[in-house]
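Okay, structure first, notes after.
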Amino acid sequence: MIGEDLVRELEGIVGPENVSTDLVERLCYARDASENRALPGVVVWPQTTEQVSAILKLANEHKVPVTPRGAGTCLSGGPVPIRGGILMVMTKMNHILDINIEDMLALVEPGVVWQQLNNALEPYGLFLPPDPASGSVCTIGGCVAENAGGVRAVKYGTFRDWVQWLEVVLPTGEVMETGARTRKWVSGYDLVRLFVGSEGTLGVITKIMLRLFPRPRHRAVMSAFAPGLREAGKAIFYVMSRGLTPSAAEIMDKYTLEAVSKYAGMEFPDCEAMLIFEFDGFTTSDVRARLREAKKLCEASNLKVKVAETEAEANDIWRARKSASPALARLRPSSMHEDATVPTSKVAEMLVRVREISKRWGVLIATFGHAGDGNLHPVILFDERDPDEHDRAMRAAEDIFKAAIELGGTLTGEHGIGLSKARFFSLEHGSVEIKVLRAIKKALDPNEILNPGKIWGD
Amino acid sequence: MASGLSLPENALREIFRCFRCGYCRSACPTFAIKGSESWNARGRLILARELIEGHVEPDKTILDRIFSCNSCGACEVVCPAVVRVVDALTALKSALVASGVKPPEPIVKIHEAILRHGNPFGRGQYQEGPKEGKGEVLLFPGCVALELEPGLIRAIEAILEAAEVPYSILEGPCCGSPLHNMGFKGDAERLAERLASKIRSSSAEHVITPCPMCLLALRPYLGQRVEHTTTFMRKLMDEGRLVLKRKVGLKATYHDPCVLGRQLGIYEAPRELIWQSGLELLEMPRSRANSACCGYGYLNFMAYPELAREMAKRRILEALEVGVDVLITACPSCLHALSEAAREVARALAVSDVSEVIAELAT
């Protein structure tokens, strides 16, 4: 429970209008896009680094848990305050502080929305390449804390690859700056990489410097239809291993296609899976040449290829992919979106295993996702109000994690461990590694106040 | 703990379908102003679940969150789970009212006024029968036009006269549509039924209304016999009965009313009328299905005046960004909202209903 005194002190730091203990607010801030739910004692909206620092100092003194939150689009429970305490909402720190065109860098506050930043970059012909699906609403702070990815990650990498420098408030309230403005640096430990993907457990990020990239002027898109999952996997592997660097290499299995067909009124050739490849670049000849090469490789794997000849045809292909989530969401009352990720060479095997798991537990699992980097999104479709089906869905999820690990993959490619996958963490990580992780946590957060209960659980 | 709230299965399905991705944060106009999660569709649906599961009592704060949603439907356009938020929250409001919960005070007053006077403004009864004679067209202006934007009715009359269309006007009773949105489902249906039966007894071939909410309420009863003034005017033009005598050479933008666009799918007719008028049409970044609510729909400006006024002001600022002389809309509530807001923040920006523009050029 949060005491009256603490609330008064918080009000003193950020002003009473930026503190709420109202049950209605606490209920709404108890959840993210995962199945987790836990009520904070108080919700706080800081607006400056100094305020964040003062809040953490206070919380550390009183040993009250603090959970940072951006837009709450997290799919793994990262911002769910499992131990109650203070929920720190970063959305009012939403200023783009600088866009440096010469060095291609942007300095932003954590509450800046991904779309807001990319809109601001557009006039300069620049962009921030990692593109989480929630880009219209998710915050840069959240993207950094969760090391978000997206469709383009297959070429451009995830947020990890684009963060240069950070200002972070440590759990003790001390403010640290780390990283460099230069592309190359070997000056001390890479603490930037430590904080990227730390899921709000090590510090609260208050300023972010991001590297930018020139916006590609051309793109070429094609779809390819595979007679079997193994053929689909093979085609992906060939395209990726030939150095063709697609800016998207997506897959939708036949269950996803059936749903999209019904939902968006689109027709697809009879197949087990549809692949989408997009190539971007600065000259048409370059993107076309890479596309032609990919076409040949797909056809050699027995896929039927359709190249988008016009912008409208390219948009149609993407419309099919973007309809995947809504189409599947209409099939059953509830859905669970996983992001188990395997090496590119194991995509076919993983697709086959997901089919087996679906059969084993009698739940519908449709798979789509970022096949090129092995980051699949098996979507488990069920009715959470049916306890038996809910249980089978959870078991299917567990088997998907196990399969990914067995194939040399990871529990999560871009959603984070959070609460949802904490109990599976030791499937992937040995005891020595977990000991090191805990030691790092203890060194920075001696009282374990910052986002406790996450990643490795208790 | 169960709440005793009884919602139809289809509404429950919609509420539980929300997987809380938060995409509605980019669209919800009340969230844009208030900034906290409880003011967007995700928050409201979380609260709906908590209410249904009995984890929370329907106190004033929670009722404000639920009832301040005026069903603009912007969230539905961006929702990847395609949750029918408007239907879900309307069903929740109805269930709350049916369970004996008293809605926020201004809504109680609107309800009482409509039941007692046949209109929300509580100023005597409207004429519940066509004023004069028979006509090809029966014009149902709706309460907002009658009370707050009478100039719009004069404009429609001028157009009908210019096109030599015989018409009569029906002032009341209320179409019930605000009450439906506020959770008084039974009363709303009774009113709509009563209005529909009055209209059925008229011999008019077409029933027209400038108010998208009246149109939405009447459609289930009268089908295509009732239509919006914009689609009717376009027909008159196509048939050569309505001829514009001159054109106007200004820059204009068009604000899609939520109900006319997202609910009724009427996007083209008003735009075609604008093109016919000679105005150069520049679109705002948020237009058509992505249009931003003016805040006034379903009498929300009487229930939540501050929120509604702020929404209207923000829309005016968007129109200014486009750099136009005129902001045009096609709904009495939007017209009233945007005119009031423009008077406050952008006096040089003219605000008109598309009917007013056409009337000006046809007479």
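The values are calculated or read from the model by the stated rules, or taken from the named source; none is laboratory data. This one's a predicted model, so the numbers in the text were calculated from it and none came from an experiment. Counting neighbours? That spans all protein chains shown, and the Cβs are built from the backbone with ideal geometry, glycine included. Quick note on the areas: whole protein, heavy atoms, side chains included, nothing else; ligands and nucleic acids left out. Shrake-Rupley method; radii C 1.70, N 1.55, O 1.52, S 1.80 Å.
Figures for the structure shown
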quantity: Residue within region B:340-357 that is charged (D, E, K, R), modelled with pLDDT of 95 or more and under 20 Å from B:R286 (Cα atoms) present; calculated: yes
quantity: Filter result (free of Cβ contacts under 8 Å to residues at least 60 places away in the same chain and not polar (S, T, N, Q)) within region A:300-312; calculated: A:E309, A:E311, A:A312
quantity: First in region A:121-142 and more than 14 Å from every other protein chain (Cβ to nearest Cβ), second anywhere and charged (D, E, K, R), Cβ under 7 Å, 6 or more apart; calculated: A:G125/A:R215; A:L126/A:R215; A:F127/A:R215; A:P129/A:R152; A:P130/A:R152; A:D131/A:R152
quantity: Condition check for A:V52: touching a residue at least 12 places away in the same chain (Cβ under 8 Å), in contact with a strand residue (DSSP E or B) (Cβ under 7 Å, 6 or more places away or on another chain), more than 9 Å from chain B (Cβ to nearest Cβ) and farther than 30 Å from A:H337 by Cβ; calculated: yes
quantity: Elements of type strands (runs of 3 or more DSSP E) in region A:290-396, at least 2 residues being within 14 Å of another protein chain (Cβ to nearest Cβ), buried (at least 20 other Cβ atoms within 10 Å of the Cβ) and of a type outside the set (F, W, Y); calculated: A:334-337, A:375-382
quantity: Total residues in region B:266-310, condition on the phi > 0 side of the Ramachandran plot and under 13 Å from the mean Cα position of the chain (by Cα); calculated: 3
quantity: Tally of residues being charged (D, E, K, R) and in a helix (DSSP H, G or I) across region A:35-62; calculated: 3
quantity: Identity of the residue in region B:53-68, in contact with a Phe, Trp or Tyr (Cβ under 9 Å, 6 or more places away or on another chain) and more than 11 Å from chain A (Cβ to nearest Cβ), that ends up surrounded by the fewest Cβ atoms within 10 Å (Cβ to Cβ); calculated: B:S68
quantity: Out of A:A30, A:A71, sole residue that is open to solvent by less than 20 Å² (accessible area, probe 1.4 Å), touching a strand residue (DSSP E or B) at 6+ places or on another chain (Cβ under 8 Å), under 25 Å from A:M176 (Cα atoms) and within 14 Å of another protein chain (Cβ to nearest Cβ); calculated: A:A71
quantity: Test result for A:G142, surrounded by 18 or more Cβ atoms within 10 Å (Cβ to Cβ) and under 22 Å from the mean Cα position of the chain (by Cα); calculated: yes
quantity: Filter result (open to solvent by 10 Å² or more (accessible area, probe 1.4 Å) and under 16 Å from A:P343 (Cβ atoms)) within region A:231-266; calculated: A:K234, A:F237, A:Y238, A:M240, A:S241
quantity: Residues (more than 9 Å from chain A (Cβ to nearest Cβ) and buried (at least 24 other Cβ atoms within 10 Å of the Cβ)) located in region B:40-52; calculated: B:A41, B:L45, B:A48, B:L51
quantity: Residue, surrounded by the fewest Cβ atoms within 10 Å (Cβ to Cβ), within region B:239-262, restricted to residues that are among the small types (G, A, S) and over 21 Å from the mean Cα position of the chain (by Cα); calculated: B:G240
